[in-house]
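Reviewing the structure listed below.
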Ligand code: 5AD
Ligand code: FES
């Protein structure tokens with residue numbers, strides 16, 4: 001199996017059968033070998049820097065009804081909120097003072113936030129903080145909407161594909177949603193010129209090794225700038241409440257593989273990873289991740305943006321989280337970078 005990791009390290013790609021073989025034959029020694037290679041590639045490209053993104057969860061209204069998600073439309077127990085433009089700008093101001101140079105606006109698919117409103121918010125942030133990157137994570141929209149946000153100054157867009165297997169996609173989402181449309185959106189975003197992020201949940205219900213192989217092949221084909229993966233974690237008010245969570249072990253293994261596939265990718269150690277294990281994010285960085293995304297949302301709404309149970313950091317101020325993360329990152333020999341943290345291909349152009 002080590003020879004497969006050596007091949008991936010050298011060529012950045014394996015065949016479907018090889019990915020499957022690698023995933024099926026995981027063991028602690030193989031994982032450690034993979035992580036060493038992943039760290040080597042990560043350090044070659046980004047040194048010991050960890051990029052930080054200030055996450056602003058600005059609305060938990062959502063018109064979708066994804067079976068795994070705690071803020072799905074049908075969850076009548078979710079207490080809904082929207083931040084005003086002023087509140088969002090206040091989060092940016094606090095974040096800027098703390099040293100953040102990327103703001104991620106994330107929300108459910110909320111019809112209240114029309115294109116005009118998003119354009120206004122993005123352009124206001126960019127006017128006030130021209131040295132910062134703005135990332136949007138607001139789901140599926142039309143080409144024209146994505147173009148308008150980009151023209152208003154949005155730099156990056158996160159839209160996890162969730163699973164690259166259409167049948168599996170159908171088991172995680174209602175009929176109104178399709179993998180085809182999801183992929184179309186990702187290609188639009190790339191065409192327009194965004195730094196694009198896709199990604200998926202590890203261990204989501206009905207996921208098989210074959211699904212994961214398809215995820216890896218799709219990621220290879222899309223060639224995104226960012227890949228967001230984290231364990232699936234059940235939420236008590238969803239149809240998947242009784243399902244098992246994804247594991248730390250498999251998530252770390254996939255992080256390692258993705259680092260070798262896309263040596264320059266921006267790869268977060270996610271909050272979900274930090275939720276299933278107290279050292280999840282540190283271990284994620286040691287498996288090849290190079291981004292963390294602490295929360296800048298006002299404390300009053302923190303405990304309302306709950307996609308899954310037991311989410312960490314819902315009671316902490318942004319400043320506390322940053323201090324905590326700084327300590328954690330330094331404890332493993334890495335450091336937080338004060339830069340925008342662009343993908344290497346883009347950073348070189350600027
Ligand atoms: N567990 C883990 N991740 C989840 N997401 C949504 N619900 C859950 C859950 N229960 C992820 C999805 C989505 C991202 C914002 O959060 O992958 O794209
Ligand atoms: Fe939020 Fe540790 S990162 S408290």
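Every read-out reported here was derived from the displayed coordinates using simple, explicitly stated rules and does not represent laboratory data. These numbers come from a predicted model, not from an experiment. When we count neighbours, we look across all protein chains shown, and the Cβ atoms used for this are built from the backbone with ideal geometry, even at glycine.
Some values worked out for this structure:
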item: Label-to-label distance, nm, for residues given as residue 210 and residue 327 (7 Å Cα→Cβ offset); result: 4.8
item: Separation of alpha-carbon centers, the range 26-101 and the range 118-133, rounded to whole Å; result: 19
item: Cα-projected label distance for residue 117 with residue 84, points at 7 Å along beta-carbon direction, nm; result: 1.3
item: Distance in nm between pseudo-label sites at residue 314 and residue 187 (7 Å out along the Cβ direction from Cα); result: 3.9
item: Whether the chain is rounded, prolate or oblate, judged on the alpha carbon gyration tensor where a/c under 1.5 counts as rounded; result: rounded
item: Over 14 Å [Cα-Cα, the range 7-56], rounded percent; result: 66
item: Fraction of beta bridges assigned by DSSP in the chain that are antiparallel (%, nearest 5); result: 5
item: Helical contribution to [θ] at 222 nm, DSSP H n ≥ 4, -39,500 (n - 2.57), averaged over the chain, rounded to 500; result: -13500 deg cm²/dmol
item: Packing-based order for 134-146, 168-180, using average beta carbon neighbours within 10 Å, highest first; result: 134-146, 168-180
item: Percent RCO, i.e. relative contact order, over the chain, from Cα pairs under 8 Å lying at least 6 residues apart; result: 24
item: Spherically averaged projected area of the range 156-275 from its Cα convex hull (nm²); result: 7.3
item: Mean separation of Cα contacts under 8 Å (6+ apart) over length of the range 38-138, as relative contact order %; result: 33
item: Efficiency of FRET between residue 3 and residue 166 - r from beta-carbon atoms, R0 35 angstrom, step 0.05; result: 0.60
item: Percentage, to the nearest whole number, of Cα pairs in the range 43-198 over 21 Å apart; result: 49
item: Relative contact order for the range 252-350, counting Cα pairs under 8 Å that sit 6 or more residues apart, in percent; result: 25
item: log₁₀ of I(q)/I(0) at q = 0.13 Å⁻¹ - the range 1-125, Debye sum with one point per alpha carbon; result: -0.83
item: Principal axis box of the range 260-350, alpha-carbon based, largest edge first, Å; result: 40, 27, 24
